[in-house]
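> Below is a structure I'd like to ask you about.
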Amino acid sequence: MQTIDTYDFSGKKALIRVDFNVPLDENFVVTDDTRIKAALPTIKKVIESGGAAIIMSHFGRPKSGPEDKYSMKHLVGHFSKLLEVEVKLAPDCIGEEVKNIANALQPGEVLLLENLRFHKGEEKGDEEFAAQLSANGDCWINDAFGTAHRAHASTAVMAKFFPNDKMFGYLIESEVESLDKVLKSPSRPLTAIMGGAKVSTKITIIENLLDKVDNLILGGGMTYTFVKADGGTIGDSICENDFLETAKNIEKLAAEKGVKIYMATDVVAADSFSPDANTQVVAAGAIPDGWQGLDAGPESIKMLKKVIEESGTILWNGPVGVFEFEKFAVGSKAVGDAIVAATKKGAFSLVGGGDSVACVNKFGFTDGVSYISTAGGALLEYLEGKSLPGVAAVRGE
Ligand code: AMP
């Protein structure tokens, strides 16, 4: 398999699929350029190795055909500034004119193609559209992990046209490597911390992780579905009654597979779902009526810290309490602290999934964890054990 570090880009035109789906304000100014910045190392590698870069991305959700508000013209200036190269803008992403512009590129030059989703063929994974995109360059680099779970023309189908000239960009390469460190070759014990509001949204991941992890910490709102399934009293805590059987089944499977499940034994209960609710610490299975569990209690925090700090690999998806409210952020902060401490001692830690990333950013743990994945849907599908078309296509699987 080719890699971006071994491939010879000199004189080549590299088609690079990136994720430039960034937010704009009402004056079409980019308000968060994280995704553009994240793509720069791959683009720089190509142009600094004597190649020209042709950048492809989707942007927003155009309904049918070109829409001015979703034109890449709004991004090209900001992108040029960040890259410190004057990027050219193509009038479309396929067609004779675009092909001629692409063919005329000199080493070190960068061309941004117009929004891929102005053509229906992109999301349909249309082979003819992929062929036309491919005609613009000599090799294909997929660096858009955020769309790797989609079998779109530019994210997967294009691989067919570059059987020997396809590779991951740096961003997707580090995502996949980090995830594989957790899922395929973890230092043991491997601990997964699954938090968040609901069991229903995490069930497939939990089931897949039962085959891989040594310890499974279940936290946040989903705790109460398990506690109720085990016969506990949960007061007004969030609970998915349709998932009581599922919860029991997870516990049974975990026992069969030798996975230890850890859940809060004491919780901070509140008399309303609000930042200034009255609170009391109660046993997780004895929450009075009118009260709801919103955070892990002090005994539980001690136990969770110990499990996390003794781990060799840690995966964190979802806060263990309502971290948005100061009073109920203690558990999630403690989990973050323990992950940072374990990482310092040599553990590999990966944080992924919207709210745990928000949590890590909010409490300043960013530098203390090994890897933060911002991939959303693609990450969740990878954790669920699904093959990602954008990854499989590059690997030729
Ligand atoms: P998710 O998007 O599934 O990871 O859920 C994250 C959300 O779960 C956050 O907004 C938390 O406030 C919320 N959450 C965590 N613990 C609880 C709880 N005990 N009760 C209600 N919501 C919770």
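The values are calculated or read from the model by the stated rules, or taken from the named source; none is laboratory data. The shown structure was predicted, so the numbers you read here are calculated from the model rather than taken from an experiment. A quick note on method: Cβ atoms are made from the backbone with ideal geometry, for glycine too, and the neighbour counts reach across all protein chains shown. Note: areas computed on protein heavy atoms with side chains; ligands, DNA, RNA excluded. Shrake-Rupley method; radii C 1.70, N 1.55, O 1.52, S 1.80 Å.
> Somewhere in the range 366-382, is a residue without any contact (Cβ under 8 Å) to a residue 12 or more places away in the chain, farther than 30 Å from Ala156 by Cβ and over 13 Å from the mean Cα position of the chain (by Cα)? First the steps, then the outcome.
So the first thing to find is which residues in the range 366-382 are without any contact (Cβ under 8 Å) to a residue 12 or more places away in the chain, and the list is 366-367.
Those left that are additionally farther than 30 Å from Ala156 by Cβ: 366-367.
Narrowing the set further to residues that are over 13 Å from the mean Cα position of the chain (by Cα) leaves 366-367.
Within the range 366-382, one or more residues are without any contact (Cβ under 8 Å) to a residue 12 or more places away in the chain, farther than 30 Å from Ala156 by Cβ and over 13 Å from the mean Cα position of the chain (by Cα).
> Could you please find all residues in the range 125-151 being open to solvent by 50 Å² or more (accessible area, probe 1.4 Å) and assigned to a helix (DSSP H, G or I)?
Residues satisfying the conditions are Glu127, Glu128, Gln132.
> Report yes if Ile193 is closer than 30 Å to Pro41 by Cβ, under 23 Å from the mean Cα position of the chain (by Cα), within 14 Å of the ligand (Cβ to nearest atom) and not small (Gly, Ala, Ser), otherwise no. Please lay out each step first, then the result.
On the way: closer than 30 Å to Pro41 by Cβ: yes; under 23 Å from the mean Cα position of the chain (by Cα): yes; within 14 Å of the ligand (Cβ to nearest atom): yes; not small (Gly, Ala, Ser): yes.
Against the criterion (closer than 30 Å to Pro41 by Cβ, under 23 Å from the mean Cα position of the chain (by Cα), within 14 Å of the ligand (Cβ to nearest atom) and not small (Gly, Ala, Ser)), Ile193 qualifies.
> With the structure loaded, tell me whether Val351 is over 20 Å from Gly196 (Cβ atoms), free of Cβ contacts under 8 Å to residues at least 60 places away in the same chain and within 15 Å of the ligand (Cβ to nearest atom) or whether it fails that test. Step through it out loud before you land on a result.
Numbers: over 20 Å from Gly196 (Cβ atoms): no; free of Cβ contacts under 8 Å to residues at least 60 places away in the same chain: yes; within 15 Å of the ligand (Cβ to nearest atom): yes.
Criteria not met by Val351.
This table checks each residue for (1) within 21 Å of Cys359 (Cβ to Cβ); (2) small (Gly, Ala, Ser); (3) outside the structural domain of Gly293 (by TED's automatic domain parsing); (4) more than 11 Å from the ligand (Cβ to nearest atom).
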position	(1), (2), (3), (4)
Leu179	yes, no, yes, yes
Val199	yes, no, no, no
Ile203	no, no, no, yes
Ile206	yes, no, no, yes
Asp214	no, no, no, yes
Gly219	yes, yes, no, no
Ile234	no, no, no, no
Ser237	yes, yes, no, no
Asp242	no, no, no, yes
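> Look through Lys44, Lys73 and report the one residue that is among the basic types (Lys, Arg), open to solvent by less than 70 Å² (accessible area, probe 1.4 Å) and in the same structural domain as Gly146 (by TED's automatic domain parsing).
On the way: Lys73 fails: open to solvent by less than 70 Å² (accessible area, probe 1.4 Å).
Sole residue among the options that is among the basic types (Lys, Arg), open to solvent by less than 70 Å² (accessible area, probe 1.4 Å) and in the same structural domain as Gly146 (by TED's automatic domain parsing): Lys44.
> Also: Would you pick out the residues in the range 103-118 that are in contact with a Leu (Cβ under 9 Å, 6 or more places away or on another chain) and assigned to a loop (DSSP other than H, G, I, E, B)? Reasoning before the result, please.
Residues of the range 103-118 in contact with a Leu (Cβ under 9 Å, 6 or more places away or on another chain): 105, 110-114, 116.
Those that are in contact with a Leu (Cβ under 9 Å, 6 or more places away or on another chain) and assigned to a loop (DSSP other than H, G, I, E, B): Leu105, Leu113, Glu114.
> Just wondering, is there one or more residues in the range 19-27 that are closer than 15 Å to Ala144 by Cβ, part of a strand (DSSP E or B), open to solvent by less than 40 Å² (accessible area, probe 1.4 Å) and not assigned by TED's automatic domain parsing to the domain that holds Ile372?
Within the range 19-27 (the criterion being closer than 15 Å to Ala144 by Cβ, part of a strand (DSSP E or B), open to solvent by less than 40 Å² (accessible area, probe 1.4 Å) and not assigned by TED's automatic domain parsing to the domain that holds Ile372), the answer is no, since none of the residues qualifies.
> Also, quick follow-up: Mind listing whichever residues of the range 267-281 are within 25 Å of Ile308 (Cβ to Cβ), within 13 Å of the ligand (Cβ to nearest atom) and surrounded by fewer than 23 Cβ atoms within 10 Å (Cβ to Cβ)?
Once the filter is applied, which keeps residues that are within 25 Å of Ile308 (Cβ to Cβ), within 13 Å of the ligand (Cβ to nearest atom) and surrounded by fewer than 23 Cβ atoms within 10 Å (Cβ to Cβ), the range 267-281 yields only Thr279.
> Please indicate, with yes or no, whether at least one residue in the range 288-301 is of a type in the set (Val, Ile, Thr), within 19 Å of His149 (Cβ to Cβ) and open to solvent by less than 40 Å² (accessible area, probe 1.4 Å). Steps first, please.
So the first thing to find is which residues in the range 288-301 are of a type in the set (Val, Ile, Thr), and the list is 301.
Filter again for within 19 Å of His149 (Cβ to Cβ), leaving none.
No.
> Shifting gears a bit: Could you check the range 198-226 and list, in sequence order, the residues that are touching a residue at least 60 places away in the same chain (Cβ under 8 Å), closer than 23 Å to Gly293 by Cβ and open to solvent by 20 Å² or more (accessible area, probe 1.4 Å)?
Lys202
> For the range 156-174, what are the residues that are assigned to a helix (DSSP H, G or I) and among the basic types (Lys, Arg)? Outline the logic, then answer.
Residues of the range 156-174 that are assigned to a helix (DSSP H, G or I), as a first pass: 157-161, 170-174.
Matches in the range 156-174: Lys160 only.
> From the list Asp271, Asp242, Asp289, Asp214, which residue is acidic (Asp, Glu) and within 21 Å of Phe323 (Cα to Cα)? Quick ask: steps written out before the conclusion?
Working: Asp242 fails: within 21 Å of Phe323 (Cα to Cα); Asp289 fails: within 21 Å of Phe323 (Cα to Cα); Asp214 fails: within 21 Å of Phe323 (Cα to Cα).
Just a single option satisfies the conditions, and that option is Asp271.
> Another question, then. Output the residue which, of all residues in the range 257-307 that are among the charged types (D, E, K, R) and more than 28 Å from the chain's Cα centre (by Cα), is farthest from Gly318 (Cα to Cα). Explain how you work it out, then say what you get.
Residues of the range 257-307 that are among the charged types (D, E, K, R), as a first pass: 257, 260, 266, 271, 276, 289, 295, 299, 302, 305-306.
If we keep only those that are more than 28 Å from the chain's Cα centre (by Cα) as well, we get 266, 271, 276, 289, 299, 302.
Numbers: Asp266: 19, Asp271: 23, Asp276: 23, Asp289: 26, Glu299: 20, Lys302: 19 Å.
Here the answer is Asp289.
> In the range 8-18, what residues are part of a loop (DSSP other than H, G, I, E, B) and on the phi < 0 side of the Ramachandran plot? If you could, list the steps in order and put the result at the bottom.
First, the residues of the range 8-18 that are part of a loop (DSSP other than H, G, I, E, B): 8-12, 18.
The answer is Asp8, Phe9, Ser10, Lys12, Val18.
> Give the residue, chosen from Asp138, Asp143, Asp211, Asp165, that is modelled with pLDDT of 95 or more, touching a Ser or Thr at 6+ places or on another chain (Cβ under 7 Å) and among the charged types (D, E, K, R). If you could, list the steps in order and put the result at the bottom.
Values: Asp138 fails: touching a Ser or Thr at 6+ places or on another chain (Cβ under 7 Å); Asp211 fails: touching a Ser or Thr at 6+ places or on another chain (Cβ under 7 Å); Asp165 fails: touching a Ser or Thr at 6+ places or on another chain (Cβ under 7 Å).
Selected residue: Asp143, the only one of Asp138, Asp143, Asp211, Asp165 that is modelled with pLDDT of 95 or more, touching a Ser or Thr at 6+ places or on another chain (Cβ under 7 Å) and among the charged types (D, E, K, R).
> Let me ask something else. Could we say that Lys362 is basic (Lys, Arg) and either within 12 Å of the ligand (Cβ to nearest atom) or in contact with a strand residue (DSSP E or B) (Cβ under 6 Å, 6 or more places away or on another chain) (or both) here?
Considered against the rule, which asks whether it is basic (Lys, Arg) and either within 12 Å of the ligand (Cβ to nearest atom) or in contact with a strand residue (DSSP E or B) (Cβ under 6 Å, 6 or more places away or on another chain) (or both), Lys362 comes out as yes.
> Consider only pairs whose beta carbons are under 7 Å apart and that are at least six residues apart or on different chains; among these, list those whose first residue lies in the range 288-301 and is among the polar types (S, T, N, Q) and whose second residue is surrounded by fewer than 23 Cβ atoms within 10 Å (Cβ to Cβ) and in a strand (DSSP E or B).
Cβ pairs passing all conditions: Ser300/Asp266.
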